[in-house]
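What follows is a single structure, written as structure tokens, with notes after it.
The values are calculated or read from the model by the stated rules, or taken from the named source; none is laboratory data. Note that the structure is predicted; figures quoted are calculated from it, not measured. Glycine gets a Cβ as well: all are built from the backbone with ideal geometry, and neighbour counts include every protein chain shown. Protein only, heavy atoms only, side chains kept; ligands, DNA and RNA dropped before computing areas. Shrake-Rupley method; radii C 1.70, N 1.55, O 1.52, S 1.80 Å.
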Amino acid sequence: MKKRSVLFLMLGLLATQAPALTVAGTVDGSVSPDTRVSGWVVSPFGQPVQELVSVPVQGGRFSLEIPTTAPTARAQVALTPQNVSWPGVIDPVSVTGQVQAAELRFFTYRDQNNNGRRDEAEALREVTPQAGRTVLFIAWVNGDATVKANKGYVAELKRGWNAYLVDVGRAVSLKPFSADIAVTVRLSK
């Protein structure tokens, strides 16, 4: 009887987990055979803290599956108006909900020793995934929260990973990102 209860509990937990977020697209620019695209949790100042995922660029294309797990505790920060420097956010900023958060940014690097991960000597180059004129923004939160800022910016964040396409013009608009939207990252030559 106990084994069956544990099995049902495990199946219930698996059923309530959000599906993995997939970011796929093309790399525009000079790509060497050892180039990888990677997703990193960054500090509020944009410094890479934790690599979550990386994949090789193959034929000018990539597909990253963002893990559903939370970033490490050292990669998380309290979500406050002072540490929100996300695309499209212009003061004044307000945050509802007391949550821990992490921002995911994308980088490329040359995996020169072909070991499938970034080593200290391999330089990171930040890249911005774009879909048309919008930029992809991804954040993780440990609970529900709302971030509002100038020019109509409103991000309704749900527990886990959240992905938005941000369009900055006279107003700032966010629309949910889905895996069927291809993005492009541009490398300078």
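Can you run down the residue pairs with Cβ atoms below 8 Å, 6 or more apart or on separate chains, where the first is in segment 89-109 and closer than 20 Å to Val135 by Cα and the partner is among the hydroxyl-bearing types (Ser, Thr, Tyr) and open to solvent by 50 Å² or more (accessible area, probe 1.4 Å)?
Here the result reads Phe106/Thr128, each pair linking segment 89-109 to a residue that is among the hydroxyl-bearing types (Ser, Thr, Tyr) and open to solvent by 50 Å² or more (accessible area, probe 1.4 Å).
Name, by its number, the condition in (1) touching a Ser or Thr at 6+ places or on another chain (Cβ under 7 Å); (2) under 21 Å from Ala163 (Cβ atoms); (3) surrounded by 17 or more Cβ atoms within 10 Å (Cβ to Cβ) that does not hold for Thr35.
That leaves (2) as the condition not met.
Can you list the strands (runs of 3 or more DSSP E) lying wholly within segment 92-152 that have 3 or more residues being in contact with a Ser or Thr (Cβ under 7 Å, 6 or more places away or on another chain)? I'd like the intermediate steps shown before the answer.
Working: elements: 94-96, 100-110, 125-127, 134-141, 145-149.
The strands (runs of 3 or more DSSP E) meeting that bar are 100-110, 145-149.
Look at Ala155 and say whether it is open to solvent by less than 70 Å² (accessible area, probe 1.4 Å), farther than 24 Å from Gln50 by Cα and at pLDDT 95 or above.
So Ala155 does not fit the description; no.
Any residue in segment 114-126 that's surrounded by 11 or more Cβ atoms within 10 Å (Cβ to Cβ): show its pairings with residues that are modelled with pLDDT under 90 and among the acidic types (Asp, Glu) at Cβ separation under 7 Å, as long as the two are six or more apart or on different chains.
From segment 114-126, no pairs qualify.
Are there any pairs with C-beta distances below 8 angstrom linking a residue in segment 54-73 that is at positive phi to a residue that is open to solvent by less than 60 Å² (accessible area, probe 1.4 Å) and assigned to a strand (DSSP E or B), with the two at least 6 apart or on different chains, and if so which?
So the pair list comes out as Gly60/Thr26; Gly60/Val27.
Glu65 - would you say it is open to solvent by 60 Å² or more (accessible area, probe 1.4 Å) and over 20 Å from Ser188 (Cβ atoms)? If you could, list the steps in order and put the result at the bottom.
Details: open to solvent by 60 Å² or more (accessible area, probe 1.4 Å): yes; over 20 Å from Ser188 (Cβ atoms): yes.
Yes, satisfied.
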